[in-house]
Amino acid sequence: MMAFDHTTLAQRVLFQHGRVVDNVEAAVAALSGARVLLVADTSVAAVADAVATRIPVVARIGEIVQHVPVEHGDAAVALTRSENVDLVVSIGGGSATGLAKYVARDTGTPIVAVPTTFAGSEATDVWGQTAGARKTTGSSPAVLPRTVVYDAELFATLPADLAVASGLNALAHAVDGFWAPRADPINTALGTEGIRALVPGLRGIAADADDLDALERTLYGAYLAAVAFASAGSGLHHKICHVLGGAFDLAHAQTHAVVLPYVMDLFASTAPDAASRVSHAVGGPDAASGLFALREELGVVGSLRELGMPEGGIDGAATRVAALVPPSTPRPVDPAMLRALIGAAWAGAPVGHHDN
């Protein structure tokens with residue numbers, strides 16, 4: 001018998017290439033934004049400048065730091081209050097969206113998000129912050145952007161290596177959603193379709209970073225994966241990556257790309273339906289090996305060591321993650337298993353097959 005309790009988060013999505021400025025203007029007008037805080041990294045300054053000519057910007061933040069350090073978040077909140085901001089427009093990757101979410105969480109100010117990577121944060125009600133080398137996350141309806149504006153042309157300037165790493169991060173949203181705490185058939189369907197779009201899209205980007213069709217396919221898949229993740233919640237993979245990212249300030253997307261095959265390997269035998277879906281999408285002999293081979297094919301960094309994680313941090317990270325293991329995991333997970341998993345990801349070892 002099928003039974004589940006599913007929640008779909010309400011959000012407007014404007015998806016059209018070449019129309020980012022027009023669509024942001026329309027989104028701001030629809031939300032009656034009169035005093036806008038524009039959050040945009042210097043890497044997207046040209047787009048932000050164009051947007052700023054069409055909407056009522058009263059304050060602007062250009063310094064964006066990954067993992068949202070609390071001091072940066074608090075400064076943005078103070079600016080929002082001092083300028084009586086009534087709407088936040090974020091342009092950039094997950095870090096820009098994350099800072100906007102910090103503001104929304106603490107002030108209730110709505111967000112219009114304009115992503116420039118495949119991070120997927122724009123489609124979730126999850127916020128994150130870092131303090132004292134420890135990243136914490138939570139969820140709140142207030143942080144879900146009211147409108148998302150997607151324009152694949154914004155992704156054409158993204159370096160190919162960063163684009164594919166970001167896309168593998170999106171892939172992790174779908175895969176981790178298969179065994180997340182609120183996983184259900186609807187999330188599984190969204191995640192499966194997301195993977196089916198992401199894999200060929202990423203291969204297309206790797207072959208030609210300016211391929212607009214591949215960029216749009218990847219963007220579509222990333223959105224579906226993020227919607228599934230938002231509803232299903234955070235599984236073990238994300239717990240691991242959040243601990244590693246916060247503790248060692250590792251590059252977010254690349255960390256997800258490195259860790260994912262090892263988590264898949266851990267759960268493949270006890271989550272056969274998820275493994276079958278992943279294996280079919282990536283075209284691998286098995287799900288974990290297929291994900292590992294896809295990462296190699298796309299040329300993404302292959303180990304946590306290369307990202308700057310010290311070997312001496314493995315035990316401490318495993319201990320932290322052990323306290324966060326979701327009860328929905330397909331098999332019991334203990335600290336020794338986590339040390340082995342993180343150690344293998346640190347070394348970039350080929351995935352094996354867990355029998356214990």
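The values are calculated or read from the model by the stated rules, or taken from the named source; none is laboratory data. All values derive from a computational prediction rather than experimental measurement. Every residue, glycine as well, gets a Cβ built from its backbone with ideal geometry; the counts of neighbours run over all protein chains shown. In case anyone asks, the SASA skips ligands and DNA or RNA and just uses the protein heavy atoms, side chains included. Shrake-Rupley method; radii C 1.70, N 1.55, O 1.52, S 1.80 Å.
Before moving on, here are some points about what is shown:
- The set of residues from segment 119-145 being at pLDDT 90 or above, in a loop (DSSP other than H, G, I, E, B) and surrounded by fewer than 22 Cβ atoms within 10 Å (Cβ to Cβ) comprises D125, S140.
- Scanning segment 99-148 for residues that are in contact with a helix residue (DSSP H, G or I) (Cβ under 7 Å, 6 or more places away or on another chain), of a type in the set (S, T, N, Q) and more than 13 Å from V227 (Cβ to Cβ) gives T107, T109, T116, T117, Q129, T130, T137, S140, T147.
- Looking only at segment 146-157, residues that are touching a residue at least 12 places away in the same chain (Cβ under 8 Å) and either over 15 Å from V20 (Cβ atoms) or open to solvent by 10 Å² or more (accessible area, probe 1.4 Å) (or both) come to 4 in all.
- Residue in segment 175-186 that is part of a helix (DSSP H, G or I) and more than 17 Å from the chain's Cα centre (by Cα) present: yes
- Residues that are surrounded by 17 or more Cβ atoms within 10 Å (Cβ to Cβ) and over 22 Å from the mean Cα position of the chain (by Cα) were ranked within segment 341-353; the one that is modelled with the lowest pLDDT is V351.
- Screening the candidates A281, A257 for the property of being part of a helix (DSSP H, G or I), within 18 Å of L236 (Cβ to Cβ) and either touching a residue at least 60 places away in the same chain (Cβ under 8 Å) or open to solvent by less than 60 Å² (accessible area, probe 1.4 Å) (or both) yields one hit, A257.
Table: residues versus (1) of a type outside the set (V, I, T); (2) over 19 Å from E83 (Cα atoms); (3) open to solvent by less than 80 Å² (accessible area, probe 1.4 Å).
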| residue | (1), (2), (3) |
| --- | --- |
| R12 | yes, yes, no |
| L37 | yes, no, yes |
| A50 | yes, yes, yes |
| V57 | no, no, yes |
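- Looking across segment 88-136, just one residue is among the acidic types (D, E) and without any contact (Cβ under 8 Å) to a residue 40 or more places away in the chain, and that is D106.
- Residue in segment 220-237 that is more than 22 Å from I186 (Cα to Cα), of a type outside the set (D, E) and in a helix (DSSP H, G or I) present: no
- Annotation: of all residues in segment 284-302 being within 18 Å of A347 (Cα to Cα) and free of Cβ contacts under 8 Å to residues at least 24 places away in the same chain, the one that is surrounded by the most Cβ atoms within 10 Å (Cβ to Cβ) is A293.
- When A75, A113 are checked against the criterion of being farther than 20 Å from S234 by Cα, at pLDDT 95 or above, among the aliphatic types (A, V, I, L, M) and open to solvent by 10 Å² or more (accessible area, probe 1.4 Å), a single residue qualifies: A75.
- Residue, most open to solvent (accessible area, probe 1.4 Å), within segment 59-71, restricted to residues that are free of Cβ contacts under 8 Å to residues at least 40 places away in the same chain and more than 25 Å from F155 (Cβ to Cβ): E71
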